[in-house]
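Q: What follows is a single structure, and I will ask about it in a moment.
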Amino acid sequence: MPQADSLTIRLASPSDATELARLEARAFTAERISLRSFRRLIARAPSAIVLLAEAEGRIAGYAMILLRRSSTLARLYSICADPACAGRGVGRELLLRCEAEAAARGRDRLRLEVSRNNARALALYRRAGYREFGMHPNYYADGSDALRLEKRLDGGAAGAWSS
């Protein structure tokens, strides 16, 4: 699978739902988004934004953010890189694009939940400038806690990354 610099990121269309559900099944063992939910979320634009990363004609990952009309914050609902792309920057590129999409729609913060046991995702979010502001105990099916993270977008959504 190629590096992040060869990715194309675009809005998902209804015809992408089946492949997104297949990616979800490859990447996650529990709490998967169903095909029906992918279809529903893609159709919910502009209150749901589903982004798809492609490389060499294949789906390399996706991310989705949820927006409420009366709120200044966006929620990163899910982000997923194909396991074959692990460590190649797909998640980082999708996260950057989510931040940009949220900021372009007038949101000043992006929030998310992540398992305290997901070291790879936590490292990504912390490098991106996300800060913990809360926790949901026993949130996931495996009993793990969810850390609640937030980043202020401040108009410069793509900034504040550290190496």
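The values are calculated or read from the model by the stated rules, or taken from the named source; none is laboratory data. Just so you know, these numbers come straight off a predicted model, no measurement behind them. A quick note on method: Cβ atoms are made from the backbone with ideal geometry, for glycine too, and the neighbour counts reach across all protein chains shown.
Q: Going by the structure shown, is GLU19 in contact (Cβ under 8 Å) with a residue 24 or more places away in the chain, within 23 Å of LEU149 (Cα to Cα), among the acidic types (Asp, Glu) and surrounded by 15 or more Cβ atoms within 10 Å (Cβ to Cβ)?
A: The answer is no for GLU19.
Q: Only one of (1) closer than 17 Å to LEU41 by Cβ; (2) of a type in the set (Lys, Arg); (3) not in a strand (DSSP E or B) fails for ARG107. Which number is that?
A: (1)
Q: Do we have any residue at all in the range 119-138 that's touching a Ser or Thr at 6+ places or on another chain (Cβ under 9 Å), buried (at least 16 other Cβ atoms within 10 Å of the Cβ), free of Cβ contacts under 8 Å to residues at least 40 places away in the same chain and in a loop (DSSP other than H, G, I, E, B)?
A: Yes; the residues of the range 119-138 include at least one that is touching a Ser or Thr at 6+ places or on another chain (Cβ under 9 Å), buried (at least 16 other Cβ atoms within 10 Å of the Cβ), free of Cβ contacts under 8 Å to residues at least 40 places away in the same chain and in a loop (DSSP other than H, G, I, E, B).
Q: Tell me which residues, restricted to the range 29-70, are hydroxyl-bearing (Ser, Thr, Tyr) and surrounded by 14 or more Cβ atoms within 10 Å (Cβ to Cβ).
A: Matches in the range 29-70: SER37, TYR62.
Q: If the requirement is being farther than 17 Å from GLU56 by Cα and at pLDDT 95 or above, which of these qualifies: ARG111, ARG105?
A: On the way: ARG105 fails: at pLDDT 95 or above.
That would be ARG111, the only listed residue that is farther than 17 Å from GLU56 by Cα and at pLDDT 95 or above.
Q: Within the bounds of the range 35-49, is there any residue that is within 12 Å of the chain's Cα centre (by Cα), closer than 25 Å to TYR140 by Cα and β-branched (Val, Ile, Thr)?
A: Within the range 35-49, one or more residues are within 12 Å of the chain's Cα centre (by Cα), closer than 25 Å to TYR140 by Cα and β-branched (Val, Ile, Thr).
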